[in-house]
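Heads up, the thing below is written out as structure tokens.
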There are 6 protein chains.
Amino acid sequence: MADTDQPTALDLPQMDPLPEATQSYFDICQDKLGLVPNVLRAYAFDVDKLNAFTALYNDLMLAPSGLSKLEREMIAVVVSSENKCFYCLTAHGQAVRALSGDPILGEQLVMNYRTADLDPKTRTMLDFAVKMTRASAEIEEGDRAALREAGFGERDIWDIASVAAFFNMTNRLASATDMRPNDEYHAQSR
Amino acid sequence: MADTDQPTALDLPQMDPLPEATQSYFDICQDKLGLVPNVLRAYAFDVDKLNAFTALYNDLMLAPSGLSKLEREMIAVVVSSENKCFYCLTAHGQAVRALSGDPILGEQLVMNYRTADLDPKTRTMLDFAVKMTRASAEIEEGDRAALREAGFGERDIWDIASVAAFFNMTNRLASATDMRPNDEYHAQSR
Amino acid sequence: MADTDQPTALDLPQMDPLPEATQSYFDICQDKLGLVPNVLRAYAFDVDKLNAFTALYNDLMLAPSGLSKLEREMIAVVVSSENKCFYCLTAHGQAVRALSGDPILGEQLVMNYRTADLDPKTRTMLDFAVKMTRASAEIEEGDRAALREAGFGERDIWDIASVAAFFNMTNRLASATDMRPNDEYHAQSR
Amino acid sequence: MADTDQPTALDLPQMDPLPEATQSYFDICQDKLGLVPNVLRAYAFDVDKLNAFTALYNDLMLAPSGLSKLEREMIAVVVSSENKCFYCLTAHGQAVRALSGDPILGEQLVMNYRTADLDPKTRTMLDFAVKMTRASAEIEEGDRAALREAGFGERDIWDIASVAAFFNMTNRLASATDMRPNDEYHAQSR
Amino acid sequence: MADTDQPTALDLPQMDPLPEATQSYFDICQDKLGLVPNVLRAYAFDVDKLNAFTALYNDLMLAPSGLSKLEREMIAVVVSSENKCFYCLTAHGQAVRALSGDPILGEQLVMNYRTADLDPKTRTMLDFAVKMTRASAEIEEGDRAALREAGFGERDIWDIASVAAFFNMTNRLASATDMRPNDEYHAQSR
Amino acid sequence: MADTDQPTALDLPQMDPLPEATQSYFDICQDKLGLVPNVLRAYAFDVDKLNAFTALYNDLMLAPSGLSKLEREMIAVVVSSENKCFYCLTAHGQAVRALSGDPILGEQLVMNYRTADLDPKTRTMLDFAVKMTRASAEIEEGDRAALREAGFGERDIWDIASVAAFFNMTNRLASATDMRPNDEYHAQSR
């Protein structure tokens, strides 16, 4: 397990001092979220890596999309549940609780999304994300057709696929480096 | 299967005209590689998504690292073999053939990396990448210790983990959208 | 999903009135826990089935044993995490939070027990429970020897095996009938 | 392997003398079956554990139910085949041979139940039991609906689920402790 | 299921009359075994296919080898247990019972070979056969080294590998065509 | 890895001199293919084993059949892709490239046959071969019915099953012995 001084099991000290833009970004996180997410601290040993990660993250999770922020967080959690990623389940489980105002929904997506009372469109979206996680090589036209029949457009399908793919990346980076979520998440939005 | 006019099965037309910087970047690809990789064409419906992807790709695969470009491409291929991703096996299998000057090595990594005659350090690196792909939740300190004993440093471990994680993302995005590799790769460096 | 009137998806009405001893038992639950666990309500269509279940449950989880109540609850949660059982993760995750006074430990066992900072004896116990869950046919003398070397006695091994086996039963009954945990568990001991 | 003096690999000596009620029960087994099943001998180190186990076993396998005793034994065998439990395949394979009068049916359920010539209702029941064993978290309303369409009632579904769940418990306890079936079963009802 | 007139689910009538050499071979089977194995009847629609199969079978299972006939039959059964092949488990389970004079050994290899009381050399042989069946791509020099350390020579390793590979073929052909074992096997050598 | 003097990791010297018929056969291979396939050199330590193998191989892959030679080679490659067999993917991937005149098709079958643009009949055939490879015990009448509906006759089904079964044998023998494909295959028909 990572010791308390570091966000991962790797000894990669944070840039010191942080570049000005990074420090501003971290300050904004602290103000808005009450914490700097450890994933950002983990990347903060290298400014280019940090910036590349945050640019992709922000485009996928925060930029305009046919998918709501809650839908994107729901994908994050079901993918992370398949991969049993402690970091992402903690951080994005909290996001689902907060955005949905439904703490039990957050728990259901962490534990077994099939127990959640979802509308068919959302369920189709999450089934696609789970198949991408378990057996991406077996996705075929019929799987995309199911998304279209559920009401998703071409760009929506790209976004579903991109978000599900992204958490298959971050889950693995987090588990491979023993990245630790900020303790604050656990008790929030219960 | 995607029809010949599009790089994926999704109907997401390329920006027209391309932004100037994108056009320049594609021109450079055409000059240096003889082709514009279809993954770039696939992202070219949205400039922010394209730029976020290329920034991350270029940082991971081309920026200075303790890992050689060949080592990074080897990770790409063994991860893609686990995930049976046609796009990435084709494009990065070619890269291994070209960078190593050993076409059979490229085939072995596509088919079954355990048949390749690898030095123990490289084998340890690829075993870590495969475990991350198959069972990332089971990676523990002992797995990282094996990398350190093989001679990798902290930053190297981050880079191995980041590259392996990245291809777990791109493999899934490619399979989910039926992304097609450029035909030119198949015959190159044989 | 079960509707709100019933603890499972099966239409098996509760005995009405409850037998006197059952009513007393439910009253005690209400007093001590603030709720009657839905698993008891699910069994309450048949007094013999209810009594057989509670006798076994109480012997395994509450009777004197070389294992503490927390250890038994920890086994319950890691087995239920393998089986992705919403009911048992909810109810026994709460029990771990309450008995340990460590809410994060409860989350770690739900999400991925390998991320928890466990002493080696506890880890050996949980690894045995997980192997029983995933691949019981492959348990051999070496697995029992590992428990003995960690300090467990013959009777302890029986108890570990019995508790892990029991939750492999209840997880499956709960999932097969869509048994729903009481809502109260989710917010407790956070 | 357990030595010949003990029914399991654990050194848990039988109560000596046995409580009077236990001795009577074992005497009845000896009279009616020609043997005391080793699972009872295995539990006989503790009277409460023995009684809890036998009460549950007798309720599930012998009490009145919409399922015949043969149907319950068939579930026992197909679940045990998935889990490759030597004890339960031996004891309950014998029970299927005896109750059905069809020794080949017993073998088919041990080896691969899909080869047996079953009526559709029975096949649906066994498919449900196998899905519960392999992937209980994926059971949903459609699976219960299939049982209802095959002609099973609410209470029957509970009983199918309970029996399948029970053998997922006993298979694991038997394998975890290397519990040995009585030799007599092997040659019976051939 | 195949009807009683045919050894498989395919409508491939036996040559009529059988070629003289085939008829003689079948007569010898009838005399020595009391039956013509259904696998031979299944192939008897084409003399070249029948002869190619029997030549390979006889070389592997009956010709001189460092492996005894019992050892070869033991491999057949453990491979067939992994593949859950009703035909091969029935026919070769009987062969193990007959050749070993130990009916319980036959049952253990059908049900779970890890419960059998095997000498370490035999166990190593069967573990290799099982790994070949489950994950042949992961066999490496260490696996062959384990066979050599157990006392097997180069030719023995070839024979172990060939027999294990052969039953991975026949198991699949039998299951794919619903090939049925002769009823006589079931009660023999009990 | 096998050293360069031997076709496998086993020290089984070739017969010296080769029997006259064997020498003639090898000479024909050299003339027609430009090489003696290493699988034949691997078997050449024993004339009976070599002859039994070649008789079966030639019957399955070269004799008249309702399946074209290309169809049989396509089955060989998709089975070998499931099993990740370096030898068979190399040799039979080359055969698909040569017989089809479509090098990309060969690559698709090696990497992920679902990406190939196949007619429905061929796809049904390959799906059956893959199910035989992954889960032969689950093949039932419905799977054979799908082949019949796609236009295959009884004898064709036997041939599909036989070829798929055969490569499940050879894949495992090749991986178990570290059999090496001739280097010449890699660059051919690109």
Legend entry - Conditions (1) open to solvent by 40 Å² or more (accessible area, probe 1.4 Å); (2) of a type in the set (Lys, Arg); (3) in a loop (DSSP other than H, G, I, E, B); number of the one not met by E:Arg155: (3)
Inset, instruction - Could you tell me which numbered condition B:Ser80 fails, if it satisfies all but one of (1) out of contact with any Cys (no Cβ under 8 Å at 6 or more places or on another chain); (2) touching a residue at least 12 places away in the same chain (Cβ under 8 Å)? - result: (1)
Inset, instruction - Kindly establish whether C:Pro17 is assigned to a loop (DSSP other than H, G, I, E, B), more than 26 Å from D:Ala146 (Cβ to Cβ) and open to solvent by 80 Å² or more (accessible area, probe 1.4 Å). - result: yes
Inset, instruction - Output the residues belonging to the stretch A:37-77 that are outside any helix (DSSP H, G or I) and open to solvent by 30 Å² or more (accessible area, probe 1.4 Å). - result: A:Phe45, A:Asp46, A:Leu62, A:Pro64, A:Ser65, A:Gly66, A:Ser68
Inset, instruction - Pull up the stretch F:123-157, narrow it to residues that are in contact (Cβ under 8 Å) with a residue 40 or more places away in the chain and touching a Leu at 6+ places or on another chain (Cβ under 8 Å), then point me to the one that is nearest to A:Glu140 (Cα to Cα). - result: F:Leu126
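Take the residues in the stretch C:158-190 that are free of Cβ contacts under 8 Å to residues at least 24 places away in the same chain and at the interface with chain D (Cβ under 7 Å from one of its Cβ atoms), then tell me which one is farthest from C:Gly142 (Cα to Cα). First the steps, then the outcome.
Start the filter on the stretch C:158-190 by keeping residues that are free of Cβ contacts under 8 Å to residues at least 24 places away in the same chain, which leaves C:158, C:169, C:173, C:176, C:183, C:187.
If we keep only those that are at the interface with chain D (Cβ under 7 Å from one of its Cβ atoms) too, we end up with C:158, C:169, C:173, C:176.
Details: C:Trp158: 15, C:Met169: 25, C:Leu173: 31, C:Ala176: 33 Å.
If we take residues in the stretch C:158-190 being free of Cβ contacts under 8 Å to residues at least 24 places away in the same chain and at the interface with chain D (Cβ under 7 Å from one of its Cβ atoms), then C:Ala176 is farthest from C:Gly142 (Cα to Cα).
Could you please let me know if A:Ser80 is within 12 Å of chain B (Cβ to nearest Cβ), open to solvent by 20 Å² or more (accessible area, probe 1.4 Å) and either at pLDDT 95 or above or in contact with a Gly (Cβ under 6 Å, 6 or more places away or on another chain) (or both)? Step through it out loud before you land on a result.
Details: within 12 Å of chain B (Cβ to nearest Cβ): yes; open to solvent by 20 Å² or more (accessible area, probe 1.4 Å): no; either at pLDDT 95 or above or in contact with a Gly (Cβ under 6 Å, 6 or more places away or on another chain) (or both): yes.
Considered against the rule, which asks whether it is within 12 Å of chain B (Cβ to nearest Cβ), open to solvent by 20 Å² or more (accessible area, probe 1.4 Å) and either at pLDDT 95 or above or in contact with a Gly (Cβ under 6 Å, 6 or more places away or on another chain) (or both), A:Ser80 comes out as no.
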Inset, instruction - Would you mind stating whether E:Arg180 is within 22 Å of E:Leu56 (Cβ to Cβ) and not in a helix (DSSP H, G or I)? - result: yes
Inset, instruction - Check E:Tyr113, E:Tyr25, E:Tyr43, E:Tyr87 and return the single one that is aromatic (Phe, Trp, Tyr), assigned by TED's automatic domain parsing to the domain that holds E:Arg134 and without any contact (Cβ under 8 Å) to a residue 60 or more places away in the chain. - result: E:Tyr113
Legend entry - Search result, residues across the stretch A:111-151 that are more than 14 Å from chain B (Cβ to nearest Cβ) and outside any helix (DSSP H, G or I): A:Asn112, A:Ala116, A:Asp117, A:Leu118, A:Asp119, A:Gly151
Legend entry - Where B:Pro7 falls short, out of the listed (1) open to solvent by 10 Å² or more (accessible area, probe 1.4 Å); (2) closer than 19 Å to B:His186 by Cβ; (3) part of a helix (DSSP H, G or I): (3)
Inset, instruction - Of all residues in the stretch B:83-103, count the ones that are more than 14 Å from chain A (Cβ to nearest Cβ) and not in a helix (DSSP H, G or I). - result: 2
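The values are calculated or read from the model by the stated rules, or taken from the named source; none is laboratory data. Bear in mind the structure is a predicted one, so any value in this text is a computation, not a measurement. When we count neighbours, we look across all protein chains shown, and the Cβ atoms used for this are built from the backbone with ideal geometry, even at glycine. These area figures cover heavy atoms from the full protein model, side chains too; ligands, DNA and RNA do not enter into them. Shrake-Rupley method; radii C 1.70, N 1.55, O 1.52, S 1.80 Å.
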